[in-house]
Amino acid sequence: MLRPPRVTTARNIRASERGGAIAACAAAVLAAAGLATLCGCGAPVPPRAAFDPDTIPSAYARPSGALMWPGASRAFEITPAGDLYNGDWVVRVRPSSAGVLAGPPRVIASEDRWLPVEHWRRTSGPVRWEFEALALPEEAPRDTSLIVSIEVRATNTGLAPSEARLALRIGAPDPSPPFLAFDAPDSGAVPLRWSAGGTGEFAQGWSDLMASGDSCVASWTLAPGETRTARCVLPAYAAPARALASWARTPHARRAEAARRYWTGAIAGGAGFALGDPALEGALNAARVVLLACRERRGRSWVPIGNPFQYRDVWLRDGARAIQALAVCGHTREARELAEGFLHFQWPQGPFLSQRGQLDGTGQALWAFEQALLRPAPDDSVARYADAALRAIQWCEWQRDLGRQSGWPFGRMMPFGDPRDAELTRAQLVGNDAWMMAGYRAASRLLRAARRDAMADSVDLALARYRTDFLRALAISRSPDLPASWQGVGRDWGNLAAGWPCRALDPGDPRCAALARRVWAAAGGPGLTWYGARDSLQYYVGADLGTWALLTGRRAQADSVLDALLAFRDANGGAGELFTRSAHEFGGNLPPHATSAAALITLVRNALVFDDGDTLALTLGARTRWWTGATVSRAPTRWGAIDLAFRRDAAGAEWTWSAVPVWTSLTLPSGTRLGAPPPAPLRGCGSGRCVLAPPGTIMARVVLAADASPAPCARGPGAARPARAPPRPRGPRGGPRPSRERSS
C-alpha cells in the first residue's frame, strides 16, 4: 500500500523494551560461535564465480539493494550512492584513485537475480572497486538480529601503477532519510565508532582497515593488474567490539557460502517450478526470498511486514496476500505461522483491524486463514480459526442488520470508512464488501473443515443474501462496472478484486469485463495500472485482473499482465510498489515490496495450478515456452500436494499429474484446439480449448489443431460441459494522504 516512511522514534516505545532489544541483539553477536551449522564450518567452499552486476537488467533508474533476514527487526539498505543504511546510522563508503572519487554504482544485483548475496561496482580512474555483501542471522533470546559481511576488492585495470584509497565512515543519516528504524534513538546519544578491539566498548562496525573513532581508511599503490581486498562487518545494532572481531574471524567467503546454502535450501523447501524458463523461475525465487524475509516476530508470533525498510508494520491487506502466496507455493509452515499472527488483530466484537479505517481487513484475514489452513490438508488447529471466522461473520451480520433498519439505500453494505490509503476518500468502499463476501466464503470452508456443516450452511445462506444486496446496490449505483465506492468517489482499489479473488461477482459477469476494459484503457492496455497521475504506475493493484483474465479465457490479456510484472523488477528480482513510467523513478518508496512479490507468485501459480473452485484447473495460462516440457512438484492444493508435468510435441499435448478426488480441467496450449475427440475417459468442453478428466485420472494426451478463432471462452475454463460434468471452477496505508503523492 502507499504509505509514507514510518518515522517512529524511541519515545514511542518503552525504554525497557528498547534496552531489552539492544541487549538481546548484543547477545546475538556473542552467539556467533553457535552458527557452525549454518556457516558450514569445515565444509569445502567452491571458488568464487565471476559475476558482473552491471550486466543484470533493472527496470528502475536508480539502484537499490536490501540486506535482510527472516525475523530480523532491522535491515540494511544498499543506497543508490553505494552506502549502507539501517535506519539508525549510515556507513558512507568513499573509494577513490589519485584523488578522484569513485562514482555511484550503476547496478546493485543479487546473484542469479534472486539469491541475496549482493554485488555492485564503482570505478575511479583505472581502479575498479567491486563489492560483495550478505546478511546472516544472529541468535538471541528475545529477538533476531542480523549481521552483514562486506568484502571490497580494488583492482588496477590500467597499464601503470595507481594509487587507491578506501575510506569508510559511520555517521548519522541525512536530514530527510527515506526511513527510520522504529527503535532508533531520538538523538545521537550513542557514540558511533568502529571496533578498536576493546573488551567492553560497543561499536557499529569492525574492519581489517586502520580504524579510529567513526572512520577507517586504507591507502594502497596498486601495480597494473594488482588486487587488494578489505573486509568489514556491520551489526544491525551496536555490539561489543570483541564479539565483532570474533565473528569476523570466519572468512567472508565462508559467510557468503552459508548465505547461499541457506537461501537455496529455503526455496527448495517449497513447491518446485521447472518450466524451461530460467528468467521466470528466477523471478519466482526472488519473490519467495522477499516474502520469507519480510516476516517479523511479535512476542512468540510471526507477522508479515510490507517491506524491510519503510513499511515495517502489519497491514492486513498486504499480509493476507503474502500469506496466500506463501501457501500456494508450498511454504505451508511459514504461511500458517503468519496466519496465527493475524489472530492478534481480531477485536472483541469480532472484526479484524490493523490500520485505522481499513474495513476490508476482516474479509482479508478470513480469506488468508482459509488459504493457509486448508492446503494441502486442513490443519489440526482449523477449529480455532473457524471460531474466529464465525465471530467475524456475526459482527458483519449485526452491522448489516443495523443498516437494513436504517432504510438507507446502501445501508446493507459495509459502513463508511477512511482507510487513509490508496483510495483517497472517505466513503462506503465497494472493495470492503467484496472482501467481506470472500470472508463469508472462507468462513464456510473453515467451518466445514472443522466438521460444523450446519453452521457452514447458515453462513452460505447469509452469503447468498449478501450477494443479492450487493447486486441491488450495483443497480442503484448505475455504474456500468464496479465503482470504487457506493458514493462514486475514490480511486479503484479493492473493487479490482471483486471478480477474483473475492468472487463477489462471477468472473464471467459483464461488469467485471467492463471494469477491466476501463482500467486497462486508462493505462494504455493490459498490464500495470495507473495510480492517480498518468505517469504513476502501481505494481500489484491490478494484478488480480490477470487471474480474472485466465478464468475467462483471455489469455493474451493475462500474458500482458504477467509480462508487466516480470518487466518492472530491479536487478535483485524484487519489485517496488509505485514508480513513474517516464523516468522509472521510485522516489522514497523503496523496493522490494512484499505484496508485489505475492502478486507475481500468485499469477504464475494460477496459470499452472488453480484450485479455488470445485474443479482442479491445470495449465490455464501455461506459456508456449513452458510446453517444451515443464514440471511442478509438491504444489499444495485443496486436495493434497500434487506433482504436474506437461509438454507438447508435433502430434499433441500431454499431461501427467497426481490423482485428485475431483474433476480436472486441462487447458490446451495457446493458439490450439482439439484436433480430434479426446479418448475416454476424457471429455471435451464446448470451446474445444480444454478437456475434462474425471476424478482419479493421472494422465491425459490429446491431438491438437490450430485454433483459428482468437475469441476468449465465453464462460472460462470448463464452459459448456457435457452432462453430469462438474460445475466450472470459479474463482494495498496508514499515514496522511498527501504523503502518498510525495512517495511517487
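Here are a few things to note about the model shown:
- Sorted peptide list for 590-603, 481-494, criterion being average Cβ within 10 angstrom, highest first: 590-603, 481-494
- Size of region 213-364: Rg and Dmax of its alpha carbons, in Å, are 21.1, 73.
- For region 575-621, the Kirkwood hydrodynamic radius comes to 12.6 Å, computed from all pairs of different C-alpha atoms.
- Sites residue 174 and residue 631 - FRET efficiency at Förster radius 41 Å, r taken between beta-carbons, to 0.05: 0.25
- Alpha-carbon centroid distance for the pair region 208-263 / region 103-130, whole angstrom: 17 Å
- In this simple spin-label model, placing a label point 7 Å from the Cα along the Cα-to-Cβ direction at both residue 451 and residue 249 gives a separation of 5.8 nm.
- Spacing of the modelled spin labels on residue 190 and residue 157, each 7 Å from Cα toward Cβ, amounts to 3.9 nm.
- Alpha-carbon centroid distance for the pair region 620-667 / region 446-520, whole angstrom: 30 Å
- Extension gain for residue 349 to residue 522 (0.36 nm times residue separation, less C-alpha to C-alpha distance): 58.2 nm.
- Think of the chain as a dipole: +1 on every Lys or Arg Cβ, -1 on every Asp or Glu Cβ, centred on the Cα centre; then among 123, 490, 346, 490 lies furthest on the positive end.
- Size descriptor for region 170-261, Kirkwood hydrodynamic radius: 15.3 Å (Cα pairs only, one decimal).
- Take every pair of alpha-carbon atoms less than 8 Å apart whose residues are at least six positions apart; their mean separation over the length of region 215-322 yields a relative contact order of 11 percent.
- Gyration tensor over alpha-carbon atoms, region 213-277, equivalent ellipsoid semi-axes in Å: 34, 22, 10
- Calculated mean residue ellipticity, 222 nm, the chain: -9500 deg cm²/dmol, from DSSP H runs (n ≥ 4) at -39500 (n - 2.57) each, averaged per residue and rounded to 500.
- Semi-axis lengths, largest first, of the ellipsoid equivalent to region 357-471 are 26, 17, 10 Å, with √(5λ) applied to each eigenvalue of the Cα gyration tensor.
- Considering only Cα atoms, the convex hull volume of the chain works out to 166 Å³ per residue.
- Residue among 102, 398, 432 farthest towards the positive dipole end of the chain, charges placed on Cβ: 398
- Estimated FRET transfer efficiency (residue 405, residue 458; beta-carbon r; R0 22 Å; 0.05): 0.60
- Along each principal axis, Cα extent of region 641-702, largest first, Å: 30, 22, 17
- Region 142-179: trypsin sites (Lys or Arg not before Pro) falling in loop per DSSP and having at most 15 other Cβ within 10 Å: 142
- Surface/4 estimate of mean projected area, convex hull on alpha-carbon atoms of region 81-161, nm²: 7.0 nm²
- Between the residues 551, 568, 86, the greatest Cα displacement towards the positive end of the dipole of the chain, with unit charges on the Cβ of Lys, Arg, Asp and Glu, is found for 551.
- For the chain, with all protein chains in place and a probe radius of 1.4 Å, 55% of the accessible heavy-atom surface sits on carbon or sulfur.
- Average silhouette area of region 463-614, convex hull of alpha-carbon atoms, in square nanometres: 9.7 nm²
- Segments 238-251, 500-513, 267-280 sorted - mean Cβ within 10 Å per residue, highest first: 500-513, 238-251, 267-280
The values are calculated or read from the model by the stated rules, or taken from the named source; none is laboratory data. Note that the coordinates shown come from a computational prediction; the quantities given were computed from them, not determined experimentally. Every residue, glycine among them, receives a Cβ derived from its backbone with ideal geometry; neighbour counts consider all protein chains shown. Accessible surface areas use protein heavy atoms only, side chains included; no ligands, DNA or RNA. Shrake-Rupley method; radii C 1.70, N 1.55, O 1.52, S 1.80 Å.
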